[in-house]
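Chemist: The structure is given below, and queries will be raised subsequently.
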Amino acid sequence: MTKHTERIEREDLVLFINACLSATSQAEFYEDARGQSLALDFLHEYVCRHYRSLYARTLAAGINDHARARIVESLLCDASDVPDEQRALEGSLIEATLARLPPQRVYRLLEAVCRRRVTNRRVRALVRGWLAGRDVTFDSVKYRRALRTVVGHFHLATPGETGRFLFERCSKDRAYTTPLYESWRAAHYAEDAVYALPYTIAVGFARRLKIPRDRFLERIAPMMTRAERFRSQRAAQRAEANVPGVDLSRERPTRLALFAYALGDDERAARRSELLAAMEQSVARAVALSPMAIGRVVAVLDDSYSTLGSREKRLRPLALTASIDALLRASATSYTGLWTSGAKDAPWIDLRPKGSTRLASRVLDALELRPELLVIVSDGYENDPPGALASVLAAYRSRIDVRREVSIVHVNPVFEAANFGAASFGPVVPMVTVREAEDVVTALGFARFADDKATIDVLRAYLDGRVREFLRLDDSDDDGVVDEPAEREAMMSAEEQSA
C-alpha cells in the first residue's frame with residue numbers, strides 16, 4: 001500500500017468516525033434532515049464496502065447510538081463473502097452493541113432488518129440471544145408491535161401466553177393469567193388498570209379513555225422512569241399535576257443545559273442556583289466516568305446566532321458548547337473560556353445565541369494566555385470577517401509556534417452533509433465532531449488522527465485497543481434514555497398492591 005493510498009484510507013475513516021460522533025439524520029441550522037440522511041447513507045455504504053473490518057471496529061469507538069444502529073444493520077444485512085474470523089469478531093461486537101443500545105432503538109433496528117427480508121441463521125441466532133436477555137413479558141406490552149414483527153419474521157418461539165398476547169385481538173371476556181397482560185387487557189375498559197402499565201403505554205389508554213391529564217399524571221407518577229419524569233416535568237407544571245420532582249443532577253450535562261434554556265426567563269432566574277448546582281454535580285459525575293488528562297486550557301466558545309440550531313435541534317449547539325465549557329473547566333488544571341459574544345468565563349445559564357461568529361480575535365486573545373491546549377468549539381461558519389481564523393492559525397503555526405508547543409483542536413457540534421463531515425478551518429487545525437458533551441473525551445482522542453502526521457496503522461491499533469476494551473466491559477446502566485429496571489420494579493410494586 002502506497003503512502004498516498006494510506007492517507008486516503010485514513011482520511012476516509014476519520015471523516016466517517018467524525019460523522020458517527022455527531023450526525024443523527026436531523027436538520028441543522030444551515031441544512032435540512034434529508035441532506036443529512038442522504039450523506040450518511042452514502043458514508044455507511046462506502047465505508048462498509050471498502051473498509052468492512054475497520055467499519056465493524058468503529059462500533060467500539062464511542063460513536064453515537066444512531067450510528068451504532070446503522071452499522072449493525074449494515075453488517076447484518078450484507079454479510080456475503082465475509083471470512084469466518086471477521087464474521088466471529090463482527091458477531092461479538094454486534095452482541096456487545098445490542099446489549100448497550102436502548103431497547104427501543106434495538107427494536108427499530110430489528111424492524112429495519114425485517115423490512116429488508118434478512119432471515120439467515122446468523123441473524124436469527126443474534127436476535128434470539130438478545131431476546132433471551134430481555135423480560136419478554138415486559139417487552140410484549142411496551143414494544144408490542146415491534147416484538148410481534150420480529151417474532152413473526154424470525155419464527156421465534158414465545159413462552160406462556162406471549163404468543164396469544166402478541167397475535168390475538170384483545171377480548172373483553174377472555175382474561176390472561178399473566179398479571180401484566182391482564183392489566184393491559186383491563187385497561188381497554190377500566191381506568192384503574194391503566195396505572196399498572198408502563199407510562200408510554202398508559203398515555204395511549206389515557207387518551208382513549210379521556211382521562212383528565214392532571215389526574216393521569218398524578219396517578220401514573222410512580223410508574224414513570226427518571227427520564228420520563230424529566231421530559232414530562234414542564235407539561236406537569238402547566239397542568240398543575242402532582243408529579244414528583246426530578247433530580248436534575250442525574251441528567252447528562254447537555255440535556256440539563258437544554259432543559260434550562262427551554263425555561264422561561266422568570267422561571268430560569270428563580271431556579272438559577274438549583275440549575276447551576278445540578279450542572280456542577282452532573283459534570284463531576286461525567287468527569288469521574290471519563291477523566292481527561294489536560295493541563296492549562298483555553299477554550300474559544302461560539303455563542304453566535306447560528307447556535308440557535310434548527311427546529312428539531314433547537315438550542316442544541318449552544319447547550320452542547322456550554323456543557324463542553326463546564327466539562328473542560330472541571331477537568332483542566334487551569335481554564336479560561338472566551339465566548340465570541342465578548343464574555344469571558346461567563347456563567348453558561350446566562351447565555352443566548354446572538355451576533356455574528358467572531359472567532360479570529362478571540363483566538364488571538366486565547367493564544368496570548370499561552371495555553372497547553374486551545375479548544376475551539378464552533379460550527380465552523382466564520383463570518384466576522386469570513387476566513388480570518390484560517391489565516392491567523394496558518395500564520396501562527398508557520399511563524400510563531402513552529403514547534404507546535406500549543407495543541408489546537410477544533411470541536412464541531414454540527415454535521416455538514418454537503419462535505420460529508422463538518423465545516424473546518426483548514427488543514428492547520430485538526431477538527432473533530434461531537435453530539436454530547438461527554439463525547440469530547442473520545443473526540444480529543446481522535447483529534448490526532450485528523451492530523452496529517454498520523455498513520456493508518458496507528459488508527460488501526462487504536463481501534464483494536466478500543467475493541468478489546470469494549471468487549472471486556474460488563475453491561476451496565478449508563479443513565480440512558482430509558483431506565484427500564486426501575487420501571488419494572490415499580491410495576492411489580494403496583495401489582496403487589498393491587499393484589
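Chemist: What do you reckon, is ALA132 among the aliphatic types (A, V, I, L, M) and either farther than 26 Å from GLU90 by Cα or crowded, with 18+ Cβ neighbours inside 10 Å (or both)?
Modeler: No: the conditions fail for ALA132.
Chemist: Any idea which of (1) under 23 Å from TYR396 (Cβ atoms); (2) without any contact (Cβ under 8 Å) to a residue 12 or more places away in the chain is the one ALA346 doesn't satisfy?
Modeler: If we test ALA346 against (1) under 23 Å from TYR396 (Cβ atoms); (2) without any contact (Cβ under 8 Å) to a residue 12 or more places away in the chain, just (1) comes out false.
Chemist: Among the residues of segment 49-69, what is the count of those that are surrounded by fewer than 22 Cβ atoms within 10 Å (Cβ to Cβ), within 19 Å of LEU110 (Cα to Cα) and out of contact with any Asp or Glu (no Cβ under 8 Å at 6 or more places or on another chain)?
Modeler: Of the residues in that region, 3 qualify.
Chemist: Check ALA79, ALA88, ALA56 and return the single one that is closer than 14 Å to LEU126 by Cβ and without any contact (Cβ under 8 Å) to a residue 24 or more places away in the chain.
Modeler: It is ALA88.
Chemist: Scan GLU95, GLU111, GLU90, GLU45 and give me the residue that is more than 16 Å from the chain's Cα centre (by Cα), surrounded by fewer than 19 Cβ atoms within 10 Å (Cβ to Cβ), under 24 Å from ILE456 (Cα atoms) and of a type in the set (Asp, Glu).
Modeler: That would be GLU45, the only listed residue that is more than 16 Å from the chain's Cα centre (by Cα), surrounded by fewer than 19 Cβ atoms within 10 Å (Cβ to Cβ), under 24 Å from ILE456 (Cα atoms) and of a type in the set (Asp, Glu).
Chemist: Select, from SER37, SER80, SER25, the only residue that is more than 30 Å from ARG144 (Cβ to Cβ) and not assigned by TED's automatic domain parsing to the domain that holds PHE446.
Modeler: Of the residues listed, the single one that is more than 30 Å from ARG144 (Cβ to Cβ) and not assigned by TED's automatic domain parsing to the domain that holds PHE446 is SER80.
Chemist: A further question on this structure: Identify all residues within segment 285-320 that are over 22 Å from LEU21 (Cα atoms) and assigned to a helix (DSSP H, G or I); write none if there are none.
Modeler: Matches in segment 285-320: TYR305 only.
Chemist: Go through segment 321-346 and give me each residue that's basic (Lys, Arg) and assigned to a helix (DSSP H, G or I).
Modeler: Across segment 321-346, the qualifying residue is only ARG329.
The values are calculated or read from the model by the stated rules, or taken from the named source; none is laboratory data. Source: prediction; values computed, not measured. When we count neighbours, we look across all protein chains shown, and the Cβ atoms used for this are built from the backbone with ideal geometry, even at glycine.
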